[in-house]
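Step one of this worksheet: look at the structure below.
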Amino acid sequence: MALEFLQFLVSPKVQEIAFLKFGKFPVSKEAFNNLISNSSLPYYQREWLQETYIAALNASANPPNIPPTYPKLIPSFNNLVFQFLTSPQYNETYAMEVLQQAANEWISALS
């Protein structure tokens, strides 16, 4: 389940939404290509993407794509993980429920 959640986070669709809603650059090449070829995006956004990509090719580090500044996503995920870790129901079924709830909250926030 944790792997599925990570796959969700780096999926092209979520990466595109993260850029469009939050200005976070995609980690998926497919998402990058979809955004850069999206003619409905303003020119400055496509140029911003392209220039950031070029800069990243020559950089030694990039900022995280999921920074702790997200006011809703990070706290909701952290709270659910903390709830799981401190629960007496420490089992695989409960872990799957908590991760599914976190994924649902992220999907809702990104929609």
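We did not get these values from a lab; they are worked out from the coordinates using the rules stated. These figures come from a predicted structure and were not determined experimentally. Neighbour counts run over all protein chains shown; Cβ positions are idealised from the backbone, glycine included.
Side notes on the structure shown:
- Taking the inverse of the mean 1/r over every pair of distinct Cα atoms in the chain gives a Kirkwood hydrodynamic radius of 15.5 Å.
- Mean ellipticity per residue at 222 nm, deg cm²/dmol - from DSSP H runs of n ≥ 4 across the chain, formula -39500 (n - 2.57): -21000 deg cm²/dmol
- Length available on full extension from A55 to S87: 0.36 nm per residue minus the Cα-Cα distance, which gives 7.1 nm.
- Non-local Lys pairs in the chain, i.e. 8 or more apart or on different chains, that have alpha carbons under 14 Å apart: 4
- With the gyration tensor restricted to C-alpha atoms of segment 10-57, the semi-axes of the equivalent ellipsoid amount to 14, 13, 10 Å, longest first.
- Site pair F22 and F8 shows an inter-label distance of 1.4 nm when each label is modelled 7 Å from Cα along Cα→Cβ.
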